[in-house]
Amino acid sequence: MKARKLKFMSLLLVLAMVLAACNSDSSSGDGKKDKDAKLDIFSWWTGAGEEDGLNALIDLFKEKHPDVKVENAAVAGGAGTNAKAVLASRMQGDDPPATFQVHGGAELNEGWVAAGKMEPLNDLYEEEGWNDKFPQDLIDMVSKDGNIYSVPVNIHRGNVLWYNTKVFEENGIEVPTTFDEWFAAADKLKEAGVTPLALGDKEPWTATQLFESTLLGILGPDDYNKLFTGELSFKDDKVKEAAETFKKMLSYINEDHSSRNWQDASQMVANGEAAMNVMGDWAKGYFVNDLNLKVKEDFGWTETPGTEGEFMVITDTFGLPKGVSNPDDVKKFLSVLGSVEGQDVFNPLKGSIPARTDSDVSKYDAYGQETIEDFKQASLVPSLAHGSAAPEGFLTKVNQAVNIFVTQQDVDQFIDSLDQASGELK
Amino acid sequence: MDPVRSSVKHTPPELKVATKRTKKALTKDHLMAIGFLTPSLILIAVFVYGFIGWTGYVSLSNWNSLVPDFSFAGLQNYIYLFKDFRFQADLRNTLFFTILFILTVIVIGIVLAILLDQKIRQESLFRNIFFFPMALSFVVTGVVWQWLLNPSTGVNLFLSKIGLDSKWYTDTTIIPGVSWGKIEFGIPVAIIAIVIAAVWQMTGFSVAMYLAGLRGIPEEVREAARIDGASEFQVYWKVILPLLRPITISVVIIMAHISLKIFDLIYAMTGSGANYVTDVPGVYMYETTFRGNYYANGAAIAIIMLLSVAIFIVPYLISSRKGES
């Protein structure tokens, strides 16, 4: 009996210690408000190139501001699937990171800015003279009601059609620029026994990305933008035409698309199993770094059909959340992030292009240089699949509608679900 | 919840003695027991039941964006779900996954346990082999089986080489596919892949349970049946299996609560699948809450999942309490 009591007592002691530990943990959370608080940079950059880019950026910052303690608080998981959940709970618990990665556009404006969680950065933009260094379309994407809320660090392009140059040559195919040319090429490839279009929609956003570029190709940038401001209904005939075209494109994809992810789909193009795929230009990083392909020699690219002169923007930006203890340090970091030097140290490693228009072009490869040129001239439109065009809530429902459509291919039902979901836009 | 208890039900005398003793000594020991139980009771009250209540409250609110909004929404979130194609598909998938999973685990469990019970050599080796997959996490199982069953790798590559269909893993067919609500009702072909992986992992558990049950049946019972002229098959079918009923109930309860709440295996293995053929409420809850920021909708899914598990657990708890008193 005595031994048992002793055991109980020790258990109680352990419990008390655990409670005490929890307590000290939360008090150290309050300690973040101290002067020597850490600058924790929250992102989902844990992949090969992107992590290198982030570390290079942090090193550059440390060099310039050795007195500020920096912490890389990245959360793993592609496209920020896990990170966004962690961020949401931190923001709602009033424990925001010093600065965090957020896609410019609705994800920022309709999400955190609308929730009243962000500080405007107009003064920083003026101080640094950024207002004419970033394209106006891009600044609009990180602004709401005349206030600017974040600093873009990079640009990815969403509407890129990648192709295997050898497969194109062998089958005598010209690079298609319109839908008619694309379907003609696809038919030819199908006859030759090559899968014309690779898709890996195990995660449904890849199919949504194919749909959004089809949408852009048929509607053009003005009408595309109007869809998300409510000026154009999803019941419009043009949207229907886009859905029909999307459906037709789906008849050229690989059968096992739903068990693949975008890397698998890119791999099919790389090894010649498939001729083309539509993916953002992070696929270039995958082709070059992971699959050791040569730019222009092994694979080529063009805009997705009908989107020449248009640029589907996916931009990672960093802002200043309300309630951080060290806003001045955060601004110091943001000014490094927005500088030419900062952008040129980060982007070549990440495989994206700089958001500024005055960066050093020689640091980028052939694809980067061409895209930098396009970025300056093209009309910029926000990507739906990556949360820039519309709030996450709408995107979730679009992803569901697209996932169902890929299998059922019922255009009317698809349009109906898009139209219903657009109630989320108001 | 305690699987062992039902198998050792035939030892109540000791229990009675214990209760008698505590009734007599309602002093220091009793008070100390209460004192020691209180902290854990408070913790469970707050962190389990408190949060269940909170989730229920959120599920009745309008909190469907990043900004918390606790205004009362009535059953709106529940009504939305039951009208939703994806949630209807989830309910269908969970139903058939649970049925197929439990049936297979029980049948294979009994067969393997009976085989192991034949006083074979190296019995503990086999026991360990069957039980070992239990030591893995569902995520690991999911990733491994994803590679094994993927149409372009593994087993199916072999199948397609010998001319058999290798696309079943991503098949969106529903058998028999009766139209019901917004969905087709029936067994989704693709869910069979998940059942295989889950069965592979959990069968060891039911083998262990049934083996314990078989060992608990006295040899005299079998002898008696044999003397009465029962064939070996009849001994098992008419005598042993009925005696294993309490084990079966425990296995069903435990497997049901695993399969109704399943998330990690499916998330790692197939994801939601084309046309949501392998989606389950757990995956939907995660995506709608943390990606779409529909907190109230997510809470409603959580409550529906809790109720579906309660359908299995509550009658079990009531009957086991009756059995004790």
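The values are calculated or read from the model by the stated rules, or taken from the named source; none is laboratory data. These numbers come from a predicted model, not from an experiment. Cβ placement follows ideal geometry from the backbone for every residue including glycine, while neighbour counts extend to all protein chains displayed. All accessible areas refer to the heavy atoms of the entire protein, side chains included, with ligands and DNA or RNA removed. Shrake-Rupley method; radii C 1.70, N 1.55, O 1.52, S 1.80 Å.
As a ratio to 2.2 N^0.38 Å, the alpha-carbon radius of gyration computed for the range B:59-171 takes the value 1.67. Put simply, chains A and B cover up around 2900 Å² of each other's accessible surface, both sides summed, when a 1.4 Å probe is used. Simple rule: put +1 on each Lys or Arg Cβ and -1 on each Asp or Glu Cβ in the protein assembly as shown, find the dipole, and look at B:Ile44, A:Ser383, A:Pro176; the Cα lying farthest toward the positive end is B:Ile44.
I'd like the residues of the range B:38-66 whose 1.4 Å-probe accessible area shrinks by no less than 20 Å² going from the isolated chain to the full set of protein chains. Correct list: B:Pro39, B:Leu43, B:Leu66.
The phi torsions of the range A:149-166, fed into the Karplus equation with coefficients 6.51, -1.76 and 1.60 and a -60° offset, translate into couplings of 10, 7, 10, x, 9, 8, 10, 10, 9, x, 8, 10, 9, 9, 9, 7, 4, 5 Hz, rounded to whole numbers, with Gly and Pro shown as x. For chain A, the direction-averaged projected area of the alpha-carbon convex hull comes to 25.3 nm². Charge dipole (Cα centre; +1 on Lys/Arg Cβ, -1 on Asp/Glu Cβ; no other charges) of the range A:211-256 amounts to roughly 100 debye. Return the subset of A:Lys284/B:Lys161; A:Lys62/A:Lys350; A:Lys202/B:Lys167 for which the Cα-Cα distance in this structure is over 22 Å, preserving the input order. Too far apart for the 22 Å limit: A:Lys284/B:Lys161.
Rounded to the nearest angstrom and listed largest first, the equivalent-ellipsoid semi-axes of the range B:85-324 from its Cα gyration tensor are 36, 24, 17.
Rg and Dmax, both from the Cα atoms of the protein assembly as shown and both in Å, are 30.1, 99.
Take the Cα of A:Asp410, go 7 Å toward its beta carbon, and the backbone nitrogen atoms of the range B:266-282 under 14 Å from that spot belong to B:275-276.
Residues whose amide H comes within less than 5 Å of that of A:Met118, counting only those at least five positions distant or on another chain, are A:Lys322 (H built at 1.01 Å from N in the peptide plane).
As a fraction of the 1.4 Å probe accessible area of chain A, surface on carbon and sulfur atoms comes out at 47 percent.
Taken over the range B:83-145, the alpha-carbon convex hull comes to 94 cubic angstrom per residue. Pairs of Cα atoms nearer than 8 Å and 6+ residues apart set the relative contact order; for chain A it is 26 percent. Span-like helix criteria (full DSSP H runs; alpha carbon extent of at least 27 Å along the helix axis; mean Kyte-Doolittle hydropathy of at least 1.6) are satisfied in chain B by B:85-116. Relative to the 2.2 N^0.38 Å rule of thumb, the range B:222-314 has a C-alpha radius of gyration ratio of 1.71. Return the carbon/sulfur percentage of the accessible area of chain B, one whole number, probe 1.4 Å, all protein chains in place. Result for chain B: 71 percent of the exposed heavy-atom area is carbon or sulfur. Against chain A, whose longest principal axis is taken from its Cα atoms, helix A:340-350 shows a tilt of about 70°. Angle of helix A:179-191 to the longest C-alpha principal axis of chain A, folded into 0 to 90 degrees and rounded to 10: 80°. Each listed q (0.13, 0.20, 0.21, 0.26 Å⁻¹) maps to a log10 I(q)/I(0) for the range A:171-234, found by the Debye formula over equal Cα scatterers with no solvent: -0.50, -0.91, -0.95, -1.08.
Straight-distance candidates among the aspartates and glutamates for linking to A:Lys69, with alpha-carbon spacing under 12 Å and chain neighbours fewer than 8 residues away dropped: A:Asp36, A:Asp40, A:Asp59, A:Asp329.
About the centre of its Cα atoms, the range B:85-324 shows a dipole size close to 120 debye [charges on the beta carbon of Lys, Arg (+1) and Asp, Glu (-1) only; nearest 20 debye].
FRET efficiency for the pair A:Thr165 and B:Tyr286, taken as 1/(1 + (r/R0)^6) with r the Cβ-Cβ distance and R0 = 45 Å, rounds to 0.65. Each label was represented as a point 7 Å from its Cα along the Cα-to-Cβ direction; for A:Gln369 and A:Lys235 these points are 5.2 nm apart.
Peptide B:291-297 shows a mean partner chain C-beta count of 6 within 10 Å per residue C-beta. Exposed loop sites here are trypsin sites (Lys or Arg not before Pro) assigned a DSSP state other than H, G, I, E or B and surrounded by at most 11 other beta carbons within 10 Å; excluding them, the longest clear run of chain B is B:122-325. Only the Cβ atoms of Lys and Arg (+1) and of Asp and Glu (-1) were treated as charged; on that basis the dipole of the protein assembly as shown about its Cα centre amounts to roughly 5700 debye.
How large is the Kirkwood hydrodynamic radius of the range A:320-424, in angstrom, based on all distinct alpha carbon pairs? After inverting the pairwise mean of 1/r, the radius is 17.3 Å. Of the residues in the range B:267-281, those shielded by at least 20 Å² of accessible area once partner protein chains are present, compared with the chain alone at a 1.4 Å probe, are B:Thr270, B:Ala274, B:Asn275, B:Tyr276.
Solvent-accessible area per residue in the protein assembly as shown equals 47 Å², computed with a 1.4 angstrom probe and all protein chains kept. Would you be so kind as to identify which of A:Gln409, A:Phe61, B:Phe101 lies farthest towards the positive end of the dipole of the protein assembly as shown, taking Lys and Arg as +1 and Asp and Glu as -1 on Cβ and the Cα centre as origin? Comparing the listed Cα positions along the dipole, B:Phe101 ranks first.
Taking every residue in B:148-154 and counting other chain Cβ atoms within 10 Å of its Cβ, the average works out to 3. Legend: mean number of C-beta atoms from other chains within 10 angstrom of residue C-beta atoms, peptide A:254-262, equals 6.
Entry note, chain B: relative contact order of 28 percent, from Cα contacts under 8 Å with a spacing of 6+ residues. Between the residues B:Phe72, A:Asn131, A:Leu210, the greatest Cα displacement towards the positive end of the dipole of the protein assembly as shown, with unit charges on the Cβ of Lys, Arg, Asp and Glu, is found for B:Phe72.
Applying both filters, DSSP loop and at most 14 other Cβ atoms within 10 Å, to the GluC sites (Glu not before Pro) of the range A:174-281 gives A:Glu174, A:Glu231, A:Glu255.
To the nearest 10 degrees, how steeply does helix A:2-30 sit against the main Cα axis of chain A, on a 0 to 90 scale? That works out to roughly 70 degrees.
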